[in-house]
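Accompanying notes for the structure given below.
A short reminder: the numbers here are calculations on the coordinates, not readings from a lab. Small disclaimer: the values here were computed from a predicted structure and weren't measured. For neighbour counting, all protein chains shown are included, and Cβ atoms are generated from backbone atoms with ideal geometry for every residue, glycine included.
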């Protein structure tokens, strides 16, 4: 497939991050990868060496010693890309790495485009499209949950779920197409009951995958939490307590926080982006403070979750009810947290009508563990199960929505006992969207867009 698209040249790129390090890895892929490196590696004839072997020696170009390196050989088709792959482990000097790459280019390589190694793996049938995209997710993973989800999808968790259903639907599609050839004889090759059961299974599976996207988005991108409240409610103290460090300035003077402070916190495998905002008050004569208050409102509007922190000693039921009414009207996802219960012991009784309120002492670190648990529950509506198939990719979500609509059309057609030719069209549409997700149906522009988001060496 790769050759048909003109991808039969040899590419090179630095596979390790830019900058100083102990070693750097330079990767080549293509039909001349071994040949090109062999020209620069006088210690051995790499052309006759076995695959998956390592070789130590000097790397030279035009008689100049570039570095002492370790060369790894991975011959097609038993390589990441399905082509001949060579990995050169050199010293981690940016100067040395650049010299080696320049020499390789001079000998017949070209610099790889972003994601081109993985794109070649897809084109050569080593990965389907969902597995290829999961590679980028794994590289970008920053929690245990995101790592596990990406690994499951690389192993084919998502694509296997859909491929099995697609194969079954293809069989029924072929039988219905066959009915069209015998339309004059009024025969029925495709068992409508079995087809209806398959469509129902596909319907429920697609629905489950669509519902998992909310969780998948949380796992992949984290949860934006805006800590909102009046001045001196203890927002900065709470941030410092959650982070276990003095990140925000804490003062008894109201209005100390003039700008938003953003920090990242990992709780039970979920990444929370905590935003400590300026205290919200209706009127302020301080220009700088008023800008900070406006930024607080902006963060509140885009946050996934609002943590409304209030001082149990300074607010009454009526004022808190106004806040709740406003949040409910705007359909915000919020959590009420009453602070400074170490000062006001009767706080829970005072606000007993607000049954979903959590009471803490940010300064005394009271009930903070419970707060973290509630944050996770609010974010994901339950515990993460990374063994389940979870959708994390917006492209997959969009295709699944189209698939869901197509399946509904097939189901409706079966119920109405429509003609075989019309039913065949609806099934073809469903098959198209199934194939679009895993990459059985794609186009070059779409691939270029997907893989352009990868790092260069992958």
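With a cut-off of 17 Å on the backbone N, no residue of the range 56-70 is near the modelled label site 7 Å out from residue 20 along Cα-Cβ. Fully extending the segment from residue 211 to residue 408 would add 69.3 nm, taking 0.36 nm per residue of separation and subtracting the current Cα-Cα distance. Compute the FRET efficiency between residue 197 and residue 262 as 1/(1 + (r/R0)^6), taking r as their Cβ-Cβ distance and R0 = 56 Å, and round to the nearest 0.05. Computed FRET efficiency for residue 197 and residue 262 comes out at 0.65. Suppose R0 equals 45 Å. What FRET efficiency, 1/(1 + (r/R0)^6) with r the Cβ-Cβ distance, do residue 319 and residue 398 give to the nearest 0.05? Efficiency for this residue pair is about 0.55. Apply 1/(1 + (r/R0)^6) to the Cβ-Cβ distance of residue 110 and residue 61, taking R0 = 25 Å, and write down the FRET efficiency to the nearest 0.05. Once the sixth-power term is evaluated, E becomes 0.90. Neighbour counting of Cβ atoms within 10 Å sorts the residues 203, 433, fewest neighbours leading, into 203, 433.
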